[in-house]
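Below are the structure tokens for one structure; questions will follow.
Values quoted throughout were computed directly from the atomic coordinates according to the rules given, and no laboratory measurement underlies them. This is a predicted model, so every value here is computed, not measured. No Cβ is skipped: glycine too gets one built from the backbone with ideal geometry, and neighbour counts run over all protein chains shown.
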Amino acid sequence: MLARQLETYRQIQKTTMSGRELEAEVLTKAAFLLKDCQSKWHDNDRDAKLDKALKYNQMIWSLFQGELAKPENPLPKKFREDILSLSLFIDKRIFEVMSYPESKKLDIIIDINLNLAAGLRSSPQKGPNAQSAP
């Protein structure tokens, strides 16, 4: 019963979040999934947890890439290009970890996700039509 109530709360929270808040939340979740893998690196189910965490990260960064690549995206071109370059680095690191898993290789993905999330949370909205980052 409690699990269902918690899920209902999460769904309501998601529907009331701004685009920036939602993106920050998703990036934070992605980072914490990877951190959980690091803290339990020697567990028997590490490979399954790592696969789930990496696929989640890959999915969100792919979504960001798709949005940033759209010509109608209202963000400044240079900003979009910088985030796209960062996303390519993330893709390469994810594939590297999939091929040759090492706990320390996750650090940079975690740091990027958390720093970007912090930026999304702290950047002031510039008015009612402010756009989300990715």
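In what sequence, highest mean first, do 76-89, 50-63 appear when ranked by Cβ atoms within 10 angstrom?
Most protected by this proxy first, the peptides run 50-63, 76-89.
What full-extension length gain, to one decimal in nm, is calculated for Tyr56 and Lys104 as 0.36 nm per residue of separation minus the Cα-Cα distance?
Fully extending the segment from Tyr56 to Lys104 adds 15.4 nm.
Take Lys77 and Lys49, extend 7 Å from each Cα along the Cα→Cβ direction, and tell me the distance between the two endpoints in nm.
4.6 nm
Below 25 Å, Cα to Cα, which lysines can Lys35 reach? Residues fewer than 8 away in the same chain don't count.
By straight Cα distance, Lys35 reaches Lys14, Lys49, Lys52, Lys55, Lys92, Lys104, Lys105.
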